[in-house]
Amino acid sequence: MHLYRTGAFLRAARSARFVVGSPRLAVPASCTQARWSSSHLAAEEQRPFPDQSVEPSREVDPNKTAPKSKGDSVQADFKKRLKELGQDNKIVHENLSGAKILGTPYIFDETSNVSDSILNLVGRNLYDIPDHPITITRNLIESCFPYPEFNHFTVKDPVVTVKDNFDVLGFPADHPGRSRTDTYYVNSDHLLRTHTSAHQHAAFQSLVAEKYVTGYTICADVYRRDSIDRTHFPVFHQMEGAKVWGLGPGESRYLAQAARTAKIARQLDALPKTDIEVEDQATVFSKENNPIQPEHDPVELQLVVKHLKRSLEYLVEQIHKAAKESLDPAAREAFGPLKMRWIEAYFPFTTPSFEVEVFWNGEWLELLGCGVVQQPILNNAGLRYSIGWAWGVGIERFAMLLFGIPDIRLLWSTDKRFLGQFAPGKITRFEPFSKYPACYKDIAFWINAAPAGASPVGAESSSMSGVAAAAGGNATKASPAETQPAAFHENDIMEVVRDVAGSLVEDVKLVDEFVHPTSGRKSLCYRINYRSLERTLTNEEVNRLHDEVAAKMKSRFKVELR
Ligand code: DAH
C-alpha cells in the first residue's frame, strides 16, 4: 500500500457508533496512579521537533504584493497572466514558466516537476461523487466515526507547503518521501500533497475551539510518483482520522490527568464490541522499536492504544461485513471469517505506531497505519494538554476489495459502463464489461553516467543524494562501481509513460538489465503494456505512443536507445 512505513530503514540508518462513556466508572485500579510527573514535564519542554507556525499554504494575490525589484514585477505580471487564464490547471511556459492550479498561480523553479498529465487530474474530486466507489467507501468509513464526536473534512486543493506535508510532521530531512523522484513539486515551497496527514495540523487546530467534537476525519486526493500497474496510480485517495482527549479543569494537573485517564477508560469500555480473530504482535512498546513518548504516562498510554485498536477493529469488521453482504449467497458461504493482526510500524508523526493487516485471499494484506500522535504536533496545534491517536488509510485498496475492481484505472473512468454500475450507499460487485487486447512493447536503453535530469532535488542536494537508491531498489546506478547518485530512477520512465499515454497503459515492468562486460555501462529494458479499459487500441496508435515515449526518454534523460 501507499504508506510511509520506512521505519526499519530509517531507524537502522539513524540509529459506527461510539457511545461516550457510561457514567459507571470502569477504571482499572492502576489508573488512579496515573500521573503527570515532573520528569514527564521536563521531557515535554525539551523535546525538539520541527518548529512550525502555520502560514497560509497558498500563494499571495499578485495584485496585492508590492513589487520589490524588476524581477518581482516580472513575476507579478506572469502570475497575473496565469491567474487570468480561462482553463484550470495549466502549465504555461513564457519568459517564466509556471502553472495555474485550481485558480491559483504558481511560478516554477528548479524543483518543479509537476506535469500536465498530473494537473489534468486535479479537481476531479471523485470522493464527492455520490455513486462513485471512492465516495461510497469514504461514507462507509466515516460512518464508523460519526458526528458529533468526529467532524468530517474534505480538502479540495491539493497544493500544500513542504512544511505542512513534511516538516510539521517531523519527517527527517533525508526521508525518501521528500525526494523529487517520489513527490510532485510545484516549486521548492509547494507540492501536491502526498498524504492527508498534510492537513493534520490544521485539523488539530480546528479542535481547539470545539466543545463536543473531539476527533475528525479528512478525505482527499493525494499524489505520488510511482510505478505503473493495476494497483498504482499517481493520484489516489486517503482518509485520515484522529481523536484527542484534553485535560479538563482540575485542582491540579495531577488530578486533571487522573480524570482524563478515567474518561479514556470509560470511553474504551463503551466502544462497540467486535467479533473477529485478532492477533496482536505489537503489545510491547520497546524503547528501540516502538517507544512510548516521554510525555506520556504509561498507564494512560495503554488505554489510548487500546482505544485506537478497538476503534479500528470495529472499522475493519464493518468493511468486512459490507464486503460479505455484497456477495451472492454461495460466495458468502465461502467467504471465510475475518482474520486480522496488529504489527509494529514506524511513522514520523506517531509513536508507538502500528499497522493493520488482514488475511485476504490467502495472504496478509496491509490495510492501514496508525499510532499515538507525537506530542509536539498536538502542542504546536494548540492542544498542549491533550493526548490522542491518529490513523491513515488508502481508500483505493478498500474500494477495490469491496467492489471487486481489478484495475485502479477504472476508478478514473468516465465510461457509463463503469459508473452506471454503482449506487450511493450500496456495495455491489463490479461486472467487467469487457477486456480489450494487450499490446506489449519493449524499450531498451543504456543509462548515462550522470544523474538523471528529472531528479535534481533528490540528486543535487547533498542530504538527499542517493536516498532513492537507499530507499529501495528502483533507483539505478549507471554501473555497479558508480559512486555518483543514481543515474536513473524508475519513476522517471513511469512519468514519461504517463505523460505520453496516460491511462492507456496497464503496467510497465523492468524485464531485463545487464552491465556491459567491457564498457561497464548498464542497459535496462522495460516492457510497456498498452491496453485501454474502454476500447481496442490500433497498432498505429500504439506505435505512435511508443515512439513518443522513446523520444522523450532520449531528450529528457539523455539515455541512449538500443
Ligand atoms: N500518512 C501516512 C501515509 O501516507 C498514513 C498514516 C499513518 C496516517 C499513520 C496517520 C497515521 O495519521 O497515524 O503513509
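The values are calculated or read from the model by the stated rules, or taken from the named source; none is laboratory data. Just so you know, these numbers come straight off a predicted model, no measurement behind them. Cβ placement follows ideal geometry from the backbone for every residue including glycine, while neighbour counts extend to all protein chains displayed. Heads up: the accessible areas ignore ligands, DNA and RNA and are worked out on the full protein's heavy atoms, side chains in. Shrake-Rupley method; radii C 1.70, N 1.55, O 1.52, S 1.80 Å.
Worth pointing out:
- Which numbered condition Thr135 misses (of (1) among the hydroxyl-bearing types (Ser, Thr, Tyr); (2) surrounded by 17 or more Cβ atoms within 10 Å (Cβ to Cβ); (3) part of a loop (DSSP other than H, G, I, E, B)): (3)
- Arg81 being modelled with pLDDT under 50 and surrounded by 13 or more Cβ atoms within 10 Å (Cβ to Cβ): no
Residues are listed down the side, and each one gets a yes or a no for (1) open to solvent by 10 Å² or more (accessible area, probe 1.4 Å); (2) part of a helix (DSSP H, G or I); (3) out of contact with any Phe, Trp or Tyr (no Cβ under 8 Å at 6 or more places or on another chain):
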{"position": "Arg397", "(1), (2), (3)": "yes, yes, yes"}
{"position": "Met400", "(1), (2), (3)": "yes, yes, yes"}
{"position": "Glu431", "(1), (2), (3)": "yes, no, yes"}
{"position": "Lys435", "(1), (2), (3)": "yes, no, yes"}
{"position": "Asn448", "(1), (2), (3)": "yes, no, no"}
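- If the condition is being surrounded by fewer than 22 Cβ atoms within 10 Å (Cβ to Cβ) and within 16 Å of the ligand (Cβ to nearest atom), then segment 204-213 contributes Gln205, Ser206.
- Test: residue in segment 364-374 that is touching a Phe, Trp or Tyr at 6+ places or on another chain (Cβ under 6 Å), assigned to a strand (DSSP E or B) and away from the ligand (no atom under 14 Å from the Cβ): no
- Output for segment 175-185, where each listed residue is among the aromatic types (Phe, Trp, Tyr) and either more than 13 Å from Ser112 (Cα to Cα) or not in a loop (DSSP other than H, G, I, E, B) (or both): Tyr185
- Residues in segment 235-258 that are modelled with pLDDT under 95 and closer than 21 Å to Pro133 by Cβ: none.
- Checked against (1) modelled with pLDDT under 95; (2) farther than 22 Å from Arg397 by Cβ, Val304 passes all but condition (1).
- The lone exception for Ser532 - which of (1) closer than 23 Å to Trp412 by Cα; (2) in a strand (DSSP E or B) it fails: (2)
- Any hit, segment 153-174, residues being open to solvent by 10 Å² or more (accessible area, probe 1.4 Å), within 14 Å of the ligand (Cβ to nearest atom) and in a helix (DSSP H, G or I): yes
- Tyr385 being more than 16 Å from the ligand (Cβ to nearest atom), of a type outside the set (Val, Ile, Thr) and either at pLDDT 95 or above or in contact with a helix residue (DSSP H, G or I) (Cβ under 7 Å, 6 or more places away or on another chain) (or both): no
- Residue list for segment 388-402, restricted to those being near the ligand (Cβ under 8 Å from one of its atoms) and aliphatic (A, V, I, L, M): Ala390, Val393
- Residues located in segment 356-370, provided they are among the β-branched types (Val, Ile, Thr) and within 13 Å of the chain's Cα centre (by Cα): none
- In segment 339-356, residue most open to solvent (accessible area, probe 1.4 Å) [restricted to those that are away from the ligand (no atom under 14 Å from the Cβ) and closer than 13 Å to Leu312 by Cβ]: Arg341
- Check on Ile218, within 16 Å of the ligand (Cβ to nearest atom), in contact with a helix residue (DSSP H, G or I) (Cβ under 6 Å, 6 or more places away or on another chain), in a loop (DSSP other than H, G, I, E, B) and among the β-branched types (Val, Ile, Thr): no
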